[in-house]
Amino acid sequence: MVRKVGIAGVGHTKFGRSEVPLVDMLALAALEALDDAGIRTGKGHGVDQVFVASMGAGLLNRQSSVASALVDTLNLQPAMAETVENGPASGASAVKLGYMAIASGMCDVALVVGGELMRVVTGWEATDFVATMLHPDAEYAYGLTLPAFAGMFTRLYMDKYGVTEKDLAMVAVKNHEHAMHNPVAHIQLVPSFHAIIEDEDAPVINPYVAEPLRVYDVCPVSDGAAAVVLCAMDLADRFPKKPVRIAGIGQATDTHVVAEREVPTDLLAVRLAAQRAYAMAGLKPEDIDVAELHDAFTILEIAISEEAGLFPRGKGHLAVRRGETRVGGRIPINTSGGLKAKGHPLGATGVSQIVELVRQLRGEAGGRQVEGARHGLAVNFGGFGNNVVATILSKEE
Amino acid sequence: MIVDKLEQSLRPPETNMPPYPPKYITLASGEKMVVHQASREDVPRLLEAVRPLVTVEKDFYDIVAARLYAELLAYQRYRVKDEYVLVGTIDGVIVGIVNGRMVDDKVGMSYHTVAIKRGLRIGAQLFAAKMEYHMDYLGQQEVLIVAESPIGYRRWMIEYELESRPSTWHELGGVPTHVLTKALWEKHKPMKCTGRRPVPPEMLEVAKKLILPSEYPQIPGFKR
């Protein structure tokens, strides 16, 4: 019989620029999560398994076997430990593996930590590093990058569905406003909609990065770590706070080469991953109260919101215009500030999304709290949509 | 009298430089930054604004601020030939300072760029204003530039595609010199330099108050 799995503790470093090395940064998030779950490290800690999500430890920081290093740093021996790499979806993949470890009965408690130290290189080098997940011969060799794909995708989306640059700027402003209520967000600044899109200085103040995407349509390069403590729900009484249940997880893949997709504006892996998560949770899109969607580029928040069934296809931007996706709206999206304003340390992002949903479902989200939230959806997007993990959390009554 | 004569002999000859016409820029926050030329009488205020940064190691603020501090003094006391200082203000509060000097009628020399308020590309805009002064108002053909921080290197050397000319000595020292040529300026100006003129008189009046910043993002908990 599959055991139910919940989240008993969460931790999160301030995203931005880390003053400490990678493993220390991971440890800071982990210690906060362990503390939140009432777990003390050292003898008798009770953590059976540690998963660490990182995409760039080897390439950017020249460090491998990070999970083993973290276990030692935290004095969590003899816990089992693995490092998980699945591009920008590494975080959600690690949570999924933690879920499987407990659901299978192999573990009772698992610590999942995601983190990335990216600001050790220039923005250009970071962009190149992220592009290593593209097809080496068909894409990377031609200089394609993720912003380039996002720019082309946005142009197609605009042509097909009438999305405008102003819609994208609305997403950016909304997420920056949400981030102002999130003390761990990288960017604590609300851009003026007029200044970044309408003012005559806008082309210089908010220049194109990959036309039609501008600076304020693109997430920053961030360091940071996030952590969750997963537990078997049958052991919920051991923990000081009632665990938030992982109700559903879905994952799907798509073609590695984006040009091979039948409809280039479709994000099939998002659709399938979300459908699988809904089916597992026994929920429908209309049951979702709050969502963290992978807005590495503002267009992705709109497109993912449609593929995840929160809005009809081609109508996501209209919901943004109506204010439905802001806190206080019908279905608040990226209450944490999203990747856009909270930041996007690749391996941390999927875990960070889960941390935000846990805080929302516990009622601990402060000024960005979605009142009465019971079910939350996270979509963590790997590659240019070729490996996507959707996770649904539910508040246990 | 002897002191006056000595002082005179210590001062470099001055070239009549056309002034930098003030402008204002709408930043991403919606705030208006006024960029105007500072006078020698303004230097004491600017020194006060720069002084707290002299001990901030992060992002090389210490070396940049310390050198700017000395250059401001040199400007105030007539110890550098044809130096100028531009200052950026928001609602009269000093948010950034840039300086440089005219080497001759064809060549300019960029000194330093300090952004006190961060996250709004203030440093980038002030640097662009400085290049605008050299190229469009002093009518120079090229500007010699060095960088002391990785941020500066990315913003100037890489983004403006500056020409590397290590054989040309820069007054700031051993860092290899890069050059903004007239052609590079014309290429990058449309995407790097913005702003409106004239500045409304009341806005300029406020800008000239040169109010000291009450907080420095580089110095958590700073109290003046």
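Rule-based calculations on the coordinates, nothing more; no lab input. Here the structure is a predicted model, which is why all the values come from computation and not from measurement. Methodologically, a virtual Cβ is constructed for each residue, glycine included, from the backbone with ideal geometry; neighbour enumeration extends over all protein chains shown.
A few remarks follow.
- Among the residues of segment A:151-192, the ones that are closer than 24 Å to residue B:189 by Cα and of a type in the set (Phe, Trp, Tyr) come to 0 in all.
- Residue count for segment B:167-224, restricted to those that are hydroxyl-bearing (Ser, Thr, Tyr) and within 19 Å of the chain's Cα centre (by Cα): 4
- In segment B:22-33, the residue that is surrounded by the most Cβ atoms within 10 Å (Cβ to Cβ) out of those that are closer than 15 Å to residue B:133 by Cβ and either among the polar types (S, T, N, Q) or within 14 Å of chain A (Cβ to nearest Cβ) (or both) is B:25.
The rows are residues; the columns are (1) over 16 Å from residue B:117 (Cα atoms); (2) of a type in the set (Phe, Trp, Tyr); (3) within 14 Å of chain A (Cβ to nearest Cβ).
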{"position": "B:16", "(1), (2), (3)": "yes, no, no"}
{"position": "B:20", "(1), (2), (3)": "yes, yes, no"}
{"position": "B:36", "(1), (2), (3)": "yes, no, no"}
{"position": "B:54", "(1), (2), (3)": "no, no, no"}
{"position": "B:64", "(1), (2), (3)": "no, no, no"}
{"position": "B:69", "(1), (2), (3)": "yes, yes, no"}
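- Tally of residues being within 14 Å of another protein chain (Cβ to nearest Cβ) and of a type in the set (Val, Ile, Thr) across segment A:157-181: 1
- Pairs linking a residue in segment A:367-383 that is free of Cβ contacts under 8 Å to residues at least 40 places away in the same chain to a residue that is charged (D, E, K, R) and assigned to a loop (DSSP other than H, G, I, E, B), with Cβ atoms under 8 Å and 6 or more positions apart or on different chains, do not occur.
- Residue count for segment B:44-64 satisfying the condition of being surrounded by 15 or more Cβ atoms within 10 Å (Cβ to Cβ) and over 15 Å from residue B:112 (Cα atoms): 3.
- Qualifying positions in segment A:199-237 - over 26 Å from residue A:90 (Cα atoms) and more than 14 Å from chain B (Cβ to nearest Cβ): A:212, A:234, A:235, A:236, A:237
- Any hit, segment A:182-198, residues being more than 14 Å from chain B (Cβ to nearest Cβ) and touching a residue at least 60 places away in the same chain (Cβ under 8 Å): yes
- Residues that are among the aliphatic types (A, V, I, L, M) and touching a His at 6+ places or on another chain (Cβ under 7 Å), drawn from segment A:248-282: A:257
- Taking the conditions (1) in a helix (DSSP H, G or I); (2) farther than 20 Å from residue B:204 by Cα; (3) without any contact (Cβ under 8 Å) to a residue 60 or more places away in the chain in turn, residue B:16 satisfies each one other than (1).
- Taken over segment B:102-146, residues that are over 10 Å from the mean Cα position of the chain (by Cα) and away from every other protein chain (no Cβ under 14 Å) amount to 23.
- Which listed residue is crowded, with 16+ Cβ neighbours inside 10 Å and assigned to a strand (DSSP E or B), from A:236, A:269, A:252, A:274: A:252
- Restricted to strands (runs of 3 or more DSSP E) entirely inside segment B:80-196, those with at least 1 residues that are among the polar types (S, T, N, Q) and either surrounded by fewer than 22 Cβ atoms within 10 Å (Cβ to Cβ) or touching a helix residue (DSSP H, G or I) at 6+ places or on another chain (Cβ under 6 Å) (or both) are B:83-90, B:93-102, B:107-115, B:178-181.
- The number of residues in segment A:193-211 being buried (at least 19 other Cβ atoms within 10 Å of the Cβ) and in a loop (DSSP other than H, G, I, E, B) comes to 3.
- Residue in segment A:178-189 that is of a type outside the set (Ser, Thr, Tyr), in contact with a helix residue (DSSP H, G or I) (Cβ under 9 Å, 6 or more places away or on another chain), part of a helix (DSSP H, G or I) and under 24 Å from residue A:114 (Cα atoms) present: yes
- Any helices (runs of 4 or more DSSP H) falling wholly within segment A:287-361 and containing at least 1 residues that are β-branched (Val, Ile, Thr) and under 18 Å from residue A:270 (Cβ atoms): A:298-307, A:316-321
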